[in-house]
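Notes follow once the structure below has been shown.
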Amino acid sequence: MTPLHGIRVLDLTSYLMGPFATQILGDMGAEVIKVEPPEGDLVRAIGPMPAPGLGGMFMQINRNKRSIVLDLKQPSGRAAVLRLAAHADIFVYNVRPQAMARLGLSYDAVSAVNPGVVYIGAVGFGQDGPYAALPALDDLMQGMVAIPSLFERAGGDGPRYAPLAMADRHVGVALVNAALGGLVHKLRTGEGQAIEVPMFETMAQGVLGDHLMGSSFDPPLGPPGYTRHLSRDRRPFRTADGHVCAFLINDRHWQSLLEAVGEPERMHDPRFANLQARTTNSVEVYGYLETLFRTQTTAHWLELLRKADVPSGPLHSLESLLQDEHLNAVGFFERHEHPSAGTVVSLRSPSSWSRTPLEVTRLAPRLGEHSAEILSEAGYSASDIAAMVASGATACGADKE
């Protein structure tokens, strides 16, 4: 038994944010039906692939799902979605609500066939603001919530995006939270509802939660911006032969380090005496650490810092991260055999559960791999399915190979 055993998710999302969220639900045991257009999810084509439509990124965010192809612009495709929605607990989409309305798949349309459905829109912007109809993707969201300008303000050579889809991942987790909250309400009351998870507001909450600072008050007690985060010296520390990552925040961390290096008296320096002083004097504080860490090797510092119970670790590259001793010891990298892609390295769910452990039961599906199976379960006859294939309203996996 898995945490979400028996919960059905109808997933109309594509790209990264929505599929990442629904994969998390699938890892928890929900039955996830991934509805794809005839051309498939765009992410199928990103990265090296051992078989058509099975790129590396797609493999990492679409396991524990079944794929059905439905052309939602055709009446029979829309009708099939509504028939599937009638038995879904959660319905998720990530196109603009206006497009869902044009397709005849608005909340009113879906709730008419299933009043208890949790209908979740992963949208770019809250639908009661002037940006409501604008498109939104990860880079745009990073820029609009000031992340590139924070890089520049912290001493970079200009604004730049974080080199990962951090908005999609961050908002994807928020989407999971919303889905589970809506599901709890449904299970308690039987009531469905429409939920909106906007990327812009969700990311703005994350950024400003750190950086609102003095502007948290009216009138402001100071400008926005967290000094420590914006220090140009907040980076991995260079050692005699490489780098080390260390995070000293509270007095205990500092006392432990300074005692280990034979300088306990530095805690009496007003600039180092407490958190507020170290934050105000972050330039001097980081300067001291920068000089200190250059005096010994990475191995020396890792041993010393760990003995002092100071949060620390190596500076990994992508390549060395794959060899990390801890990740390998806990079985983070699982290997599974895919019928089309061969051996697939899968990142297991990072959480552990004492009674309802999570597992990979399905690898990422081929496009339309389960179309006939899902339509048959929904009551379509073999001739009905054949007619839909002939019209292009659906396609089965075998037809795509």
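Have a look at GLY368, GLY379, GLY342, GLY392 and point out the one that is on the phi > 0 side of the Ramachandran plot and within 25 Å of the chain's Cα centre (by Cα).
GLY368
So which residues in segment 188-224 are more than 17 Å from the chain's Cα centre (by Cα), in a helix (DSSP H, G or I) and hydrophobic (A, V, I, L, M, F, W, C), if there are any at all?
If the condition is that a residue be more than 17 Å from the chain's Cα centre (by Cα), in a helix (DSSP H, G or I) and hydrophobic (A, V, I, L, M, F, W, C), then LEU208, MET213 are the ones that fit.
Got a number for residues in segment 1-39 being acidic (Asp, Glu) and out of contact with any strand residue (DSSP E or B) (no Cβ under 6 Å at 6 or more places or on another chain)?
2
Condition first: more than 25 Å from the chain's Cα centre (by Cα), farther than 26 Å from SER376 by Cβ and part of a loop (DSSP other than H, G, I, E, B). Now tell me which residues in segment 78-114 satisfy that.
Scanning segment 78-114 gives a single hit, SER106.
Given the conditions (1) part of a helix (DSSP H, G or I); (2) in the same structural domain as PRO37 (by TED's automatic domain parsing); (3) in contact with a strand residue (DSSP E or B) (Cβ under 9 Å, 6 or more places away or on another chain), report the number of the one that ALA390 does not fulfil.
(3)
Has segment 150-165 got any residue that is buried (at least 18 other Cβ atoms within 10 Å of the Cβ), over 17 Å from HIS211 (Cα atoms) and in contact with a strand residue (DSSP E or B) (Cβ under 9 Å, 6 or more places away or on another chain)? Can you show your working first?
Within segment 150-165, the subset buried (at least 18 other Cβ atoms within 10 Å of the Cβ) is 150-151, 165.
Of the ones still in play, those that are also over 17 Å from HIS211 (Cα atoms) are 165.
Now drop any that are not in contact with a strand residue (DSSP E or B) (Cβ under 9 Å, 6 or more places away or on another chain), which leaves none.
Scanning segment 150-165 turns up no residue that is buried (at least 18 other Cβ atoms within 10 Å of the Cβ), over 17 Å from HIS211 (Cα atoms) and in contact with a strand residue (DSSP E or B) (Cβ under 9 Å, 6 or more places away or on another chain).
Quick test of your reading of the structure: SER149 fulfils all but one of (1) assigned to a helix (DSSP H, G or I); (2) under 26 Å from ILE61 (Cβ atoms); (3) small (Gly, Ala, Ser). Name the failing condition by number.
For SER149, the exception is condition (2).
Does ARG44 satisfy being in contact (Cβ under 8 Å) with a residue 40 or more places away in the chain, within 28 Å of LEU187 (Cα to Cα) and among the basic types (Lys, Arg)? First the steps, then the outcome.
Values: in contact (Cβ under 8 Å) with a residue 40 or more places away in the chain: yes; within 28 Å of LEU187 (Cα to Cα): no; among the basic types (Lys, Arg): yes.
For ARG44, the condition - in contact (Cβ under 8 Å) with a residue 40 or more places away in the chain, within 28 Å of LEU187 (Cα to Cα) and among the basic types (Lys, Arg) - is not met.
So, of the residues in segment 47-68 that are assigned to a loop (DSSP other than H, G, I, E, B) and within 17 Å of the chain's Cα centre (by Cα), which turns out to be surrounded by the fewest Cβ atoms within 10 Å (Cβ to Cβ)? Show your work before the answer.
Here is the first cut: in segment 47-68, the residues assigned to a loop (DSSP other than H, G, I, E, B) are 47-55, 62-64.
This time we only want the ones that are within 17 Å of the chain's Cα centre (by Cα), so: 62-64.
Details: ASN62: 26, ARG63: 23, ASN64: 25.
Once the filter is applied, the top-ranked residue is ARG63.
May I ask you to list the residues in segment 149-178 that are touching a residue at least 40 places away in the same chain (Cβ under 8 Å) and within 14 Å of the chain's Cα centre (by Cα)?
ALA165, ALA167, ASP168, ARG169, VAL171, GLY172, VAL173, LEU175, VAL176, ALA178
Looking at GLU303, GLU337, can you tell me which residue is among the charged types (D, E, K, R), exposed (fewer than 15 other Cβ atoms within 10 Å of the Cβ) and within 24 Å of ARG235 (Cβ to Cβ)?
Among GLU303, GLU337, only GLU303 is among the charged types (D, E, K, R), exposed (fewer than 15 other Cβ atoms within 10 Å of the Cβ) and within 24 Å of ARG235 (Cβ to Cβ).
Which ranges mark the strands (runs of 3 or more DSSP E) fully within segment 299-379 that have 2 or more residues being touching a helix residue (DSSP H, G or I) at 6+ places or on another chain (Cβ under 7 Å) and farther than 30 Å from ASP251 by Cα?
Strands (runs of 3 or more DSSP E) meeting the threshold: 342-347.
Could you check how many residues of segment 40-58 are touching a strand residue (DSSP E or B) at 6+ places or on another chain (Cβ under 6 Å) and either under 26 Å from ALA174 (Cα atoms) or of a type in the set (Gly, Ala, Ser) (or both)? Quick ask: steps written out before the conclusion?
Just the residues of segment 40-58 that are touching a strand residue (DSSP E or B) at 6+ places or on another chain (Cβ under 6 Å), to begin with: 50.
With the extra rule that they be either under 26 Å from ALA174 (Cα atoms) or of a type in the set (Gly, Ala, Ser) (or both), the set shrinks to none.
Residues that pass the stated criteria total 0.
The values are calculated or read from the model by the stated rules, or taken from the named source; none is laboratory data. Computed from a predicted structure; not experimentally measured. Methodologically, a virtual Cβ is constructed for each residue, glycine included, from the backbone with ideal geometry; neighbour enumeration extends over all protein chains shown.
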